[in-house]
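In what follows, a single structure is set out as structure tokens and then discussed.
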Amino acid sequence: MKFTGKTVWLTGASSGIGEALVYELAKEDIRLIISARRREELDRVKKASGLTDDKCLVLPLDLSNQQSLERAAQQAEERFGKIDVLIHNGGISQRSLAVNTDIEVDRKLMEVNYFGTVALTKILLPKLIAQKESLIIVVTSAVGRIPSPWRSGYAASKHALHGFFDSLRAENYDDGLRVLLICPGFVQTNVSVNALTGDGKALGTMDKATGKGLTAETCAKGIIKAAKSEKEEVVIGGFLEKFGVWSKRHIPWFFSILIRKMAVR
């Protein structure tokens, strides 16, 4: 996969992994569309990246609002024409036990993380298929492959993304549509600060495990490398996250014990 000359659309671009991806993508000869809910933060990231107006479009959207997605897609295509690479990075996490989590929190997690991502994909999908050469990158999570305490709804939404996009890849591989699933482990971002608690309020604090994770820059570099290497799925994290994914597949009984004891907060 070569980014040169391509148009890339990145959601969740206002902070964390998304912001770091903007800075990495700014090094490529591309046209970049950056999206998130907060325009002022997108403007800040664009300015920090050094991208000019002819190379970068700030395009706010709300993943939980279908009309917002449709309007954004129309604006993106009017500005740059076709979209070659769609990077799904927008989403929200969770920090609460299932027994203490209101069902509306689970609904919101699915609405933003799963339905919003799938909806935007389906809006663009006919043209992505027709182009015969396109790429969808989905930043899911290590918990898209393994479960985790305190993240039941979040894990469910990420597992759902794997099911949908693995199926999509199989359906449209011969059409030239490629799908890359990125599974980050602990990364030093505000993901836990903004995570929903049982009543839907933000946690407001940084997890110890998150604070000790990889830098967002390291994660972003890994995503770009995986895309250029034409990978289909990559786990980006430390030893524990990678071992967790491996052991869940090969020695599930051991993983079941491990995840009950692992410090995930």
I want to verify a result. In a Gaussian network model of the chain, Cα cutoff 10 Å, which of these has the top mean-square fluctuation: Leu124, Leu180, Leu61?
Leu124
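Quote the FRET efficiency, to the nearest 0.05, computed for Ile129 versus Val264 with a Förster distance R0 of 41 Å and r equal to the Cβ-Cβ distance.
It comes out at approximately 0.60.
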Which labelled figure in [x] 53, 44, 38; [y] 57, 44, 33; [z] 51, 39, 31 is Cα extents along the principal axes in Å, once derived from the coordinates
[z]
Would you look at the GNM of the chain, springs on alpha carbons closer than 10 Å, and say which of Pro149, Pro60, Pro252 moves the most?
Pro252
List the aspartates and glutamates whose Cα lies under 20 Å from the Cα of Lys228, skipping any in the same chain that are fewer than 8 positions away.
Glu19, Glu24, Glu28, Asp29, Asp84, Glu133, Asp166, Asp174, Asp175, Glu217
Students often get this wrong: which residues of region 223-240 have the backbone nitrogen under 17 Å from the point 7 angstrom along Cα-to-C-beta of Asp166?
231-236
Find, among the trypsin sites (Lys or Arg not before Pro) in region 15-124, those assigned to loop by DSSP (not H, G, I, E, B) with at most 14 other beta-carbon atoms within 10 angstrom.
Lys27, Arg38, Lys82
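Normalising by the residue count of region 7-238, find the relative contact order in percent from Cα pairs under 8 Å and 6+ residues apart.
Normalised by residue count, the contact order of region 7-238 is 21 percent.
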Put +1 on the Cβ of every Lys and Arg and -1 on every Asp and Glu Cβ in the chain; which of Leu177, Leu51, Gly144 then has its Cα farthest towards the positive end of the dipole?
Gly144
Leu240 versus Arg39: modelled label distance in nm, points set 7 Å from Cα along the beta carbon direction:
4.2
Taking only Cα atoms, what is the 0 to 90° angle, nearest 10, from helix 16-25's long axis to the longest principal axis of the chain?
30
The chain: angle of helix 39-49 to the longest principal axis, Cα-based, in degrees nearest 10:
80
From Cα pairs below 8 angstrom and at least 6 apart in sequence, can you work out the relative contact order of region 105-263, rounded to a whole percent?
23
Considering only DSSP states other than H, G, I, E and B, which chymotrypsin sites (Phe, Trp or Tyr not before Pro) in region 132-177 qualify as loop sites with at most 14 other Cβ atoms within 10 Å?
none
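What trypsin sites (Lys or Arg not before Pro) does region 124-191 have in DSSP loop regions with at most 12 other beta carbons within 10 Å? Kindly include the intermediate steps, with their values, before the conclusion.
On the way: sites: Lys127, Lys132, Arg145, Arg151, Lys158, Arg169, Arg178; in loops: Lys132, Arg145.
Hits after loop and neighbour filter: Lys132.
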Given the options Asn100, Asn194, Asn65, which has the most mean-square fluctuation in a GNM of the chain, springs set between C-alpha atoms less than 10 angstrom apart?
Asn100
Toy charge model, Lys and Arg Cβ at +1, Asp and Glu Cβ at -1: region 1-114 dipole around Cα centroid in debye, rounded to 20, equals 220
Of the beta bridges DSSP finds with both residues in the chain, what % are antiparallel, to the nearest 5?
5
Stretched fully, the stretch from Val99 through Ile257 gains (0.36 nm per residue minus C-alpha distance, one decimal, in nm) 54.8 nm
Assigning unit charges at the beta carbon (Lys, Arg +1; Asp, Glu -1) and nothing else, what dipole magnitude in debye, to the nearest 20, does the chain show about its Cα centre?
740
Rounded to the nearest 10, the angle in degrees between the Cα long axis of helix 239-250 and the longest principal axis of the Cα atoms of the chain comes to 80
Take the Cβ-Cβ distance between Ser229 and Lys122 as r, set R0 to 35 Å, and report the resulting FRET efficiency rounded to the nearest 0.05.
0.80
Mean ellipticity per residue at 222 nm, deg cm²/dmol - from DSSP H runs of n ≥ 4 across the chain, formula -39500 (n - 2.57):
-13500 deg cm²/dmol
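Quick note: the coordinates plus some simple rules give every number you see, no bench work behind them. Predicted, not measured: the structure shown is a model, and the values here were computed from it. Reconstructed Cβ throughout: ideal geometry from the backbone, glycine too, with neighbour counts over all protein chains shown.
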